[in-house]
Amino acid sequence: MRDGKIVVRALSKTYRVPERAPGLGASLKSLVRKEYREVPAVRGLTFTIEPGEMVGFIGPNGAGKTTTLKMLAGLLHPGGGTAQVAGFTPWERSPAYLRRIAMVLGNKSQLMWDIPALDTFRVLGEMYGVPPAVQRETVAELTELLDLQGLLQRPVRNLSLGERMKCELVAALLHRPAVLFLDEPTLGLDVSMQRRLRRFIASYNRRSGATVILTSHYMADVAELCERVLLIHQGLLLYDGPLAALKAQLAPFKLIRVTTTGGLNGGQGLPATAHVVARENGKLTVRVPRGETAAVTATLLRTLPVVDLAVEDPPLEAVIDQVYQEGMSQ
């Protein structure tokens, strides 16, 4: 198997969670005999990711995304199924496998808080067996790409969240992994820093050919970085394919936003399948089937004093939320 390929077959994980009823009697009873319930976190996931692909792994909180990544990173043993990542079985945790992967968690840090990030990089370089010359070259390259000049000598506690996140990426990429798991890498960052990190991740994927699995609740991360998505809900894989096709399948309509110089005719003359969803202050928003977009646009331009017109897809967040709320027919 080539470096970076991920093959998952019927992967599952169930947690055994202690529970008890409220009240003193139940508390005393639980001291003698604990009761448990089984909570399925991942249920029979099957997918393949080719070397060099960058795939979005999306779903609501509790869907099983982080559990899946932890199994693929070897941090958890599965309850069933198989997985091969870069030719290795992840939960065997072989040193050769750990040198092939890296994982970045947006809410956890691998940097040492009281020392400069550069010192942490040196420790990690020793752990991964990175030759000093290669380490210096890699740090210099990533420092330039991430604009970290002057930050690596400062204690980590003195860095901003965005600066720390960039240093986390350097720490993860120091040994040039073939597979990169990114779990909420832009969590808590401002919009400007999110864009900069997305540009870096895209550039690194192109330059290195690393396979990347990205989870994020910021749909902009997924839309800008991933052509393909895996959509998981309640531990089940609901969709595996192009993001554009998912939007077309779940939201087969477009939004036409019009700004005029005069009054609005309330949508008169539009086809019955076109619906006015908003109208105020000389602005009109019309929802139309994708196949009728051109015809409806022509009607609006002909019947209204249009000064601006935009045709948009529905927001990705709305499309994904539809899956969460209703499920998806296969």
Discussion item. If I filter segment 160-190 down to residues being without any contact (Cβ under 8 Å) to a residue 60 or more places away in the chain and assigned to a helix (DSSP H, G or I), which single residue comes out as surrounded by the most Cβ atoms within 10 Å (Cβ to Cβ)?
Written reply: C167
Discussion item. Name the single residue that is nearest to A83 (Cα to Cα) among those in segment 27-53 being at pLDDT below 85 and in contact with a strand residue (DSSP E or B) (Cβ under 9 Å, 6 or more places away or on another chain).
Written reply: R37
Worksheet item: What strands (runs of 3 or more DSSP E), lying completely within segment 1-82, carry at least 1 residues that are open to solvent by 70 Å² or more (accessible area, probe 1.4 Å)?
Response: 6-19, 35-49
Worksheet item: Just a yes or no: is a residue in segment 191-211 over 24 Å from T120 (Cβ atoms), open to solvent by 40 Å² or more (accessible area, probe 1.4 Å), touching a strand residue (DSSP E or B) at 6+ places or on another chain (Cβ under 9 Å) and not acidic (D, E)?
Response: no
Worksheet entry | Complete set of residues in segment 278-292 that are more than 31 Å from the chain's Cα centre (by Cα) and open to solvent by less than 80 Å² (accessible area, probe 1.4 Å) | A278, G282, L284, E292
Response to the item:
Those residues of segment 97-121 that are over 16 Å from the mean Cα position of the chain (by Cα), buried (at least 17 other Cβ atoms within 10 Å of the Cβ), under 30 Å from A83 (Cβ atoms) and of a type outside the set (F, W, Y) come to a total of 6
Worksheet item: Could you say which residue among L225, L255, L230, L236 is surrounded by fewer than 19 Cβ atoms within 10 Å (Cβ to Cβ) and at pLDDT 90 or above?
Response: L236
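Given the condition free of Cβ contacts under 8 Å to residues at least 40 places away in the same chain and either farther than 30 Å from L180 by Cα or of a type in the set (A, V, I, L, M, F, W, C) (or both), answer yes or no: does some residue in segment 51-59 qualify?
no
The values are calculated or read from the model by the stated rules, or taken from the named source; none is laboratory data. Note that this is a predicted model, so its numbers are computed, not measured. Note that each Cβ is placed from the backbone with ideal geometry, even for glycine, and that neighbours are counted across all protein chains shown. Side chains are part of the model used for accessible areas, which takes the heavy atoms of the whole protein and leaves out ligands, DNA and RNA. Shrake-Rupley method; radii C 1.70, N 1.55, O 1.52, S 1.80 Å.
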